[in-house]
Amino acid sequence: MTDATLAHAANDSHRAARRKAKPIIDHITFADVRWALGQGLNDLQRAPTCGLVIGAFYALGGVALYMLATWAGLFYLTYPLAAGFVLLGPFFAIAIYEVSRRLEAGEPRSLRKVAGVVTGSGGHSLGWMPMLNLFAFFIWVDVAAAIYLGFFGLRRFDMVGLFTEALTTLHGLIFLVVGNAIGAVFAVLVFSTTVVSYPLLLDRDTDFITAIATSWKVVRTNPVPMLGFGFIVGVLMFLAILPGLLGLIVVLPILGHATWHLYRRVVSWPPDSAG
């Protein structure tokens, strides 16, 4: 058997070991969450071009959705669309995770190389995850429309009229409470499903079911710090949306980088599957 054949067999054996390896879920605290957020800011400072371009692309997508809803006269969907658009954040952040991975590994991080992330490690399974986010987004928009129709029927408000009704009447306040409560449930479900699964699929050659199960296990093992991180993500994304979604240009890359580092802190692997 030649040296090349032996090397090929060894590589196949190593890849098989990596695929079969089970992730180890570590316990973390809020100190780890703060550390990850600090690393997120640091990564953006080290590679600002990639992060800001991806953040701008994400913000433009949100602006396009808002303009579409306004053009169609569906003012009541503008707030649900803005909230639901946050559910698509993990998909847009794939390239952000790749930038952090390349910074960590000392690899080139040009936009062209980062854009090809889906064809990299775990690329086939990674392609299924955006479908899950899109499904959650469409379901949320349908639910939001049903809530509106349940409270207001076929009445069509303009923007000012809708805000006046929602903020100055008991009926409108109940509508806001119910809508935001259901939206919060959607947010927690999507966060628990994706917070670790996207980085894991980028990092390892595994299937998306394993990635999702690992993400849920991470949240169950560390409910307080992980849900605390989710709350921070929600607050920062909400604040980023207020100035016409322009804040997303900076907030998305910081949170994306931070999520990668939190994944690396909370998920580890057996030594024989490293590399």
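Please treat every number below as a calculation from the coordinates, not as lab data. Source: prediction; values computed, not measured. Positions of Cβ are generated from backbone atoms using ideal geometry, with glycine treated the same way; all protein chains shown enter the neighbour counts.
From the backbone phi of region 83-94, what are the Karplus-calculated ³J(HN,Hα) couplings (6.51 cos²θ - 1.76 cosθ + 1.60, θ = phi - 60°) in whole Hz, Gly and Pro given as x?
5, x, 4, 4, 5, 8, x, x, 5, 5, 7, 3
Could you tell me which of rounded, prolate or oblate describes region 208-248, using a ≥ b ≥ c as the square roots of the eigenvalues of the alpha-carbon gyration tensor, with rounded for a/c under 1.5 and, failing that, prolate when a/b is larger than b/c and oblate otherwise?
It comes out oblate by the Cα gyration axes.
Would you mind calculating the gained length between PHE135 and SER268 on full extension (0.36 nm times residue separation, minus the Cα-Cα distance), in nm to one decimal? Mind dumping the intermediate values first?
On the way: separation 133, 0.36 × 133 = 47.88 nm, distance 2.97 nm.
That works out to 44.9 nm of additional length.
Between ARG156 and VAL177, what length comes free when the chain is fully extended (0.36 nm per residue of separation minus the Cα-Cα distance, one decimal in nm)? Please report the intermediate quantities before stating the final value.
Working: separation 21, 0.36 × 21 = 7.56 nm, distance 2.02 nm.
Gain on extension, ARG156 to VAL177, equals 5.5 nm.
Once fully extended, how much extra length lies between LEU68 and THR221, figured as 0.36 nm per residue of separation less the alpha-carbon to alpha-carbon distance?
Extra length available between LEU68 and THR221 comes to 51.0 nm.
Give the shape of region 31-74 as rounded, prolate or oblate, defined through the alpha-carbon gyration tensor: a ≥ b ≥ c are the square roots of its eigenvalues, a/c under 1.5 means rounded, and otherwise the shape is prolate if a/b is larger than b/c and oblate if not.
Numbers: a/c = 8.01, a/b = 2.31, b/c = 3.47.
Oblate.
Taking the Cβ of ALA213 as the center, what net charge do the other residues with Cβ under 14 Å away carry, scoring Lys and Arg +1 and Asp and Glu -1? It would help to have the intermediate numbers written out before the result.
Numbers: positive: LYS22, ARG204, LYS217, ARG220; negative: ASP207.
Around ALA213, the charge tally is +3.
Separation between the ALA56 and GLU104 pseudo-spin-labels, each 7 Å from Cα along Cα→Cβ, expressed in nm?
It is 2.8 nm.
If you plug each phi of region 220-235 into the Karplus form 6.51 cos²θ - 1.76 cosθ + 1.60 with θ = phi - 60°, what whole-Hz ³J(HN,Hα) values come out, in order, with x for Gly and Pro?
Per-residue couplings from phi come out as 5, 6, 10, x, 5, x, 6, 5, x, 4, x, 5, 4, 4, x, 5 Hz.
Just order 239-248, 162-171, 80-89, 52-61 by mean Cβ neighbour count inside 10 Å, highest at the front, would you? Walk me through the intermediate numbers first.
Working: 239-248: 16.7, 162-171: 13.2, 80-89: 21.7, 52-61: 18.5.
Peptide ranking by packing, descending: 80-89, 52-61, 239-248, 162-171.
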